[in-house]
1. Which ones in segment 14-54 are part of a helix (DSSP H, G or I), farther than 19 Å from ILE70 by Cβ and among the hydrophobic types (A, V, I, L, M, F, W, C)?
2. Read through the list (1) of a type outside the set (Phe, Trp, Tyr); (2) surrounded by fewer than 13 Cβ atoms within 10 Å (Cβ to Cβ); (3) free of Cβ contacts under 8 Å to residues at least 40 places away in the same chain; (4) under 15 Å from ALA99 (Cα atoms), then give the number of the only condition that ASN45 fails.
3. Would you call LEU7 modelled with pLDDT under 95, more than 16 Å from VAL68 (Cβ to Cβ) and not acidic (Asp, Glu)?
4. Condition check: in a helix (DSSP H, G or I) and either hydroxyl-bearing (Ser, Thr, Tyr) or under 21 Å from ALA9 (Cα atoms) (or both). Does ARG83 satisfy that?
5. Can you work out which of the residues in segment 48-60 that are in contact with a strand residue (DSSP E or B) (Cβ under 9 Å, 6 or more places away or on another chain) and touching a residue at least 40 places away in the same chain (Cβ under 8 Å) is farthest from TRP103 (Cα to Cα)?
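The values are calculated or read from the model by the stated rules, or taken from the named source; none is laboratory data. What you are looking at is a predicted structure, and each value in this text was computed from that prediction instead of being measured. With ideal geometry, Cβ positions are generated from the backbone for all residues, glycine too; neighbour counts draw on all protein chains shown.
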Amino acid sequence: MDLLASLYADKPVVIFSKSNCCISHSVKALIRSFGANMNVIEVDNMANGQQIERALIQLGCRPTVPAVFIGQQLIGGADELIRLNVQNELAQLLLRAGAIFIWST
């Protein structure tokens with residue numbers, strides 16, 4: 001788990017993704033639509049990508065990507081992120097994490 005923690009520590013939003021995953025692309029687009037500052041980790045382009053995916057599975061991420069961390073907390077994948085957005089809770093999470101600084105509904 002330390003491997004993952006080192007990748008999302010001190011960052012407001014971290015998305016573990018695969019460069020060819022359309023769901024990951026959609027999640028990144030949703031976060032970007034808020035103007036959020038985010039770090040994207042494309043596990044398929046990393047030498048230790050399989051190790052990262054195993055660590056995500058241990059956290060309960062199935063499928064492993066996209067996996068979204070906001071404010072150093074695992075939010076989940078696309079379903080959880082979309083649910084938060086529909087319930088108008090995503091913007092508040094991003095604000096609290098410091099990923100965005102102003103939001104008006």
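1. The answer is CYS22, and nothing else.
2. (4)
3. Here the answer is no, as LEU7 does not meet what is asked.
4. No, not satisfied.
5. Top of the filtered list is ILE52.
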